[in-house]
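The values are calculated or read from the model by the stated rules, or taken from the named source; none is laboratory data. Just so it is clear, the structure is predicted and the values come from calculations on it, not from any experiment. Every residue, glycine among them, receives a Cβ derived from its backbone with ideal geometry; neighbour counts consider all protein chains shown.
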Amino acid sequence: MEEFHINILNISAVLLAAYLGGVAIRKIGYPAILGELLIGIVLGPAVLGWLEYSEAVKVLAEIGIILLMVYIGMEIDFRDLKKASWAGLLAAIGGFFVPFVLGYFAIVWTGGTPIAGLFVAIAIGVTSLATKSRILIDLKLLNTRIAYVLMAGALISDTLALVIFSGITNFAETNVLNISELLLIGGKILVFFGLTISIGVFLLPRLGKYISRSGMKSSTAYFTIILIVTFGYCELAELAGMHSILGAFMAGLFIKDNLFPKKISKELNKAFYDVSIGFMAPIFFVTAGFFVDVTVFQTDLGLLILITSLAIVGKIVGTALFYLPSRNGWREGLTIGTGMNGRGAVEIIIAEIGLGMGIIDKTIFSILVFMAIFTTLTVPVLLSWTTKWLRKRGELVYMEERNGIVFLGVNPLSLILAKYFKDQEPVTLIDNNPEQVARAEKAGFNSLFGNALNETTWEDIHADNVSTVVGMTTNNRVNYLAGKMAKEKFLVPQIAISQSPSGELNDTEPENRNLLFAAPVGLDEWMHKMQLDEAGESSLLVEKEMSCKQWIADNKINLQETLPILIEDKKGKIRLFSSECSLQAGDKILVLTVEK
């Protein structure tokens with residue numbers, strides 16, 4: 001029996017490389033997976049040869065695939081599908097099958113086998129979810145129809161890819177052509193899905209209730225149960241002749257909501273994220289780079305260009321064509337196609353499995369890896385161009401489902417803003433001081449006692465239906481982190497935060513913040529003035545179009561004596577005075593002024 005040796009130094013080097021590659025690529029707005037792949041290519045056998053593909057690394061990478069697929073399943077929220085189900089389905093079908101067909105015939109036409117063509121077709125057809133949220137935030141698209149269709153389309157596309165992948169791997173392993181065997185394969189697949197869905201819908205909720213009644217509090221025990229359920233689903237997939245990643249994916253779909261109480265589920269989700277995305281999965285993506293052959297740029301450059309071109313054109317044009325029946329416009333279809341053009345985790349996993357099974361060779365695998373890198377790099381550029389095009393034509397559609405403004409911190413200033421907004425949209429105030437919450441309720445506002453840095457607090461106010469969050473505590477850090485959670489976890493489209501002149505955030509990922517009042521302001525001083533009745537309200541007329549920052553500069557506003565807080569347009573609709581807001585001629589600015 002061959003001795004199994006664990007090279008701790010090599011494993012540590014792979015993890016360090018994954019971390020450095022991920023950090024570097026995230027700095028420019030791309031998902032960590034690209035950095036992990038690139039650094040695996042550079043430091044692995046393909047270029048420098050500093051990292052070794054040992055047996056221990058192989059085992060960790062294979063476990064990493066399983067855990068990553070569970071996490072992908074856990075991250076899927078079917079509410080996203082409901083918000084744009086029809087349009088998302090059209091985008092997913094067109095964005096998957098058109099590049100699928102093009103990829104298949106490209107491989108067969110260039111001399112590849114039909115089964116290799118199918119593997120390449122699946123890899124080209126999938127859509128990455130990894131880049132979506134960050135790019136949608138950066139381009140201010142969170143509350144647009146595009147955002148909902150993109151998320152729904154990506155979910156449907158990846159699920160569809162995994163289902164087809166399961167059938168192809170089953171066929172590839174059995175290599176049968178007669179009708180009876182094909183029917184048997186199909187029957188196994190149907191039984192697998194029927195059994196896993198039934199367990200997820202009927203058995204796991206009952207197990208979850210039993211766990212809740214038992215009073216179990218050990219997080220280790222909960223994590224062990226997740227692994228047992230996951231490996232059980234993987235074994236069912238293997239028994240059905242499919243790859244275990246499909247079982248892991250199906251387990252993830254049902255574990256999150258059906259197995260544990262809501263509070264515990266959130267804690268376990270974070271722990272699972274740390275183990276899968278933080279440890280196991282990066283090892284897989286770095287080692288995937290080990291198998292890349294960089295000589296394809298010399299020996300098979302034509303095929304690389306062909307596959308990448310078909311992937312880009314097929315995804316964008318296919319999405320736009322199939323999107324036409326939605327009647328949302330072909331320009332919106334093109335825009336969604338550019339957003340769905342990136343590939344990621346699922347594509348790399350499928351390609352690596354195909355390489356391991358001998359269905360595709362190292363050359364095709366390398367081309368698929370570089371195709372994933374190149375297509376993902378196009379997403380922010382092309383999506384930015386197309387959304388600007390839609391904005392210019394007035395065709396960027398905002399969703400009406402979101403309505404409501406949330407103020408973080410109950411204080412005299414937030415109560416004034418809430419007073420003006422309450423007749424326009426639902427208003428909620430959050431504070432971790434019960435006396436302040438009672439004060440807001442006495443003033444007639446819906447208020448909540450809670451911690452704005454706790455995800456459960458946002459769930460309690462149904463933040464996925466909120467349009468605006470305003471950070472008005474006296475703590476810069478709390479305002480920023482709470483706003484960041486609202487935007488990234490609940491896709492709240494508009495975040496405005498107050499910031500005091502002193503005390504920089506020093507965040508590791510700085511971004512353009514939408515500052516309330518369009519500049520740093522000392523809230524403590526203004527709240528003190530209001531409590532002493534030293535501040536009164538008045539309004540100023542805007543004479544020409546300009547930004548809020550420019551208005552402050554042009555009018556030489558001293559923010560210690562005059563504080564612009566709201567803008568009222570000619571129709572009487574109000575909006576926040578902030579650094580991202582622009583003024584129109586005829587607008588009125590509501591200001592607080594020190595009464596001398």
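Hey, any hits in region 457-480 for a residue that's basic (Lys, Arg) and over 27 Å from the mean Cα position of the chain (by Cα)? Steps first, please.
First pass over region 457-480, keeping only residues basic (Lys, Arg): 477.
Add one more test, that the residue is over 27 Å from the mean Cα position of the chain (by Cα), and what stays is none.
No, region 457-480 has no match at all.
On the basis of being free of Cβ contacts under 8 Å to residues at least 12 places away in the same chain, assigned by TED's automatic domain parsing to the domain that holds Ser309 and of a type outside the set (S, T, N, Q), does Gly339 make the cut? Quick ask: steps written out before the conclusion?
Working: free of Cβ contacts under 8 Å to residues at least 12 places away in the same chain: no; assigned by TED's automatic domain parsing to the domain that holds Ser309: yes; of a type outside the set (S, T, N, Q): yes.
Criteria not met by Gly339.
Yes or no, residue by residue, for (1) surrounded by 24 or more Cβ atoms within 10 Å (Cβ to Cβ); (2) farther than 28 Å from Phe249 by Cα:
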residue: Asp293; (1), (2): no, yes
residue: Leu303; (1), (2): no, yes
residue: Val317; (1), (2): no, yes
residue: Phe322; (1), (2): no, no
residue: Arg327; (1), (2): no, yes
residue: Gly339; (1), (2): yes, no
residue: Ile359; (1), (2): no, no
residue: Met371; (1), (2): yes, no
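So which helices (runs of 4 or more DSSP H) stay within region 389-501 end to end and still have 1 or more residues that are in contact (Cβ under 8 Å) with a residue 40 or more places away in the chain?
Working: elements: 412-421, 434-442, 455-460, 476-490.
The helices (runs of 4 or more DSSP H) meeting that bar are 412-421, 455-460, 476-490.
Would you point out which residue out of Gly153, Gly112 is modelled with pLDDT of 75 or more, small (Gly, Ala, Ser) and not in a helix (DSSP H, G or I)? Break it down stepwise before answering.
Details: Gly153 fails: not in a helix (DSSP H, G or I).
Result of the check over Gly153, Gly112: Gly112.
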